[in-house]
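Report on one structure; see the data block that follows.
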Amino acid sequence: MANPGRSKILIVDDHPIVRLGLAQVINHEPDLEVCGEAAAVLDAMRQIEAQRPDVVIIDISLEGESGMELIEHIRARWPHVKMLVSSAHDEEVFAGRVLRAGALGYLSKREAIAKVVEAIRRVLRGEVYLEGATASKLLQRAAAGKTLDGDPTQSLSNRELQVFELIGRGLNTRQIARQMDVSPKTVESHRLVIKTKLNAATSAQLAQMAFQWVQENH
């Protein structure tokens, strides 16, 4: 039974050890409790419907899916549910994206256990949580009207970035289609747009760019 005096937290991460560590820290707090855990988008959505958590902690990389999609689903279906992203992805690349998608905070997994309680409480208050260096860089870029240090991947949509990442991980069109649950034709359409946006002359050049990006940002 949920304790009515404690805020309910749902953890969505495809690593059981990470979920366990976060749950232990959160449940130790007198005003917080973990109401459920999930490793994939559909399971997370079912638990949100059943548990109605106050905050959902989301990893960007889930079981064959993207946490960015989950953020967008939650924002559309449960706008009152607050979201905090905890991920190993480069915060300089993804922090701005998750905030635009609807999350209120971004916490690096390098800092997650130590700072998760502070981040949850700030998000519960409706405040944005970013680690100091990340916040400063985002504010500087916003003030200057710039994207991430000229990173061309900032021009990609969330779906396009997901395809780009999977290309960089060595998946072919059919494998990407299966993982994203779309048709190969849709993947090819995304590839064409990505090549145009990144000025990649050939598919081989795109694959090389994607591989290098994955190595640098994960």
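For the reader, a short list of remarks on this structure follows.
- Qualifying positions in segment 180-202 - assigned to a loop (DSSP other than H, G, I, E, B), surrounded by fewer than 16 Cβ atoms within 10 Å (Cβ to Cβ) and either touching a helix residue (DSSP H, G or I) at 6+ places or on another chain (Cβ under 6 Å) or free of Cβ contacts under 8 Å to residues at least 40 places away in the same chain (or both): D181, V182, S183, A201, T202
- When segment 61-79 is limited to residues that are in contact with a Lys or Arg (Cβ under 9 Å, 6 or more places away or on another chain) and in a loop (DSSP other than H, G, I, E, B), the one that is nearest to E160 (Cα to Cα) turns out to be G64.
- Each residue in segment 170-179 was checked for being free of Cβ contacts under 8 Å to residues at least 60 places away in the same chain and either outside the structural domain of W213 (by TED's automatic domain parsing) or surrounded by 14 or more Cβ atoms within 10 Å (Cβ to Cβ) (or both), and 5 pass.
- Within segment 21-55, the only residue that satisfies the criterion of being of a type in the set (K, R) and more than 19 Å from G102 (Cβ to Cβ) is R46.
- Matching residues in segment 56-80 - criterion: being out of contact with any Gly (no Cβ under 9 Å at 6 or more places or on another chain), over 14 Å from L99 (Cβ atoms) and either crowded, with 16+ Cβ neighbours inside 10 Å or touching a residue at least 24 places away in the same chain (Cβ under 8 Å) (or both): V56, I57, L62, E63, G64, E65, S66, E69, L70, H73, R77, W78
- Scope segment 1-49; condition exposed (fewer than 14 other Cβ atoms within 10 Å of the Cβ), of a type in the set (G, A, S) and within 21 Å of L62 (Cα to Cα); matching residues: none
- Those residues of segment 142-153 which are assigned to a helix (DSSP H, G or I), at pLDDT 50 or above and surrounded by fewer than 16 Cβ atoms within 10 Å (Cβ to Cβ), in sequence order: P152
- Residue list for segment 1-49, restricted to those being without any contact (Cβ under 8 Å) to a residue 12 or more places away in the chain and of a type in the set (A, V, I, L, M): M1, I17, L20, L42
- When we screen L130, L84, L99, L70 for residues that are of a type in the set (A, V, I, L, M) and more than 13 Å from the chain's Cα centre (by Cα), the only hit is L130.
The values are calculated or read from the model by the stated rules, or taken from the named source; none is laboratory data. Here the structure is a predicted model, which is why all the values come from computation and not from measurement. Heads up, the Cβs are rebuilt from the backbone with ideal geometry, glycines too, and the neighbour counts pull from every protein chain shown.
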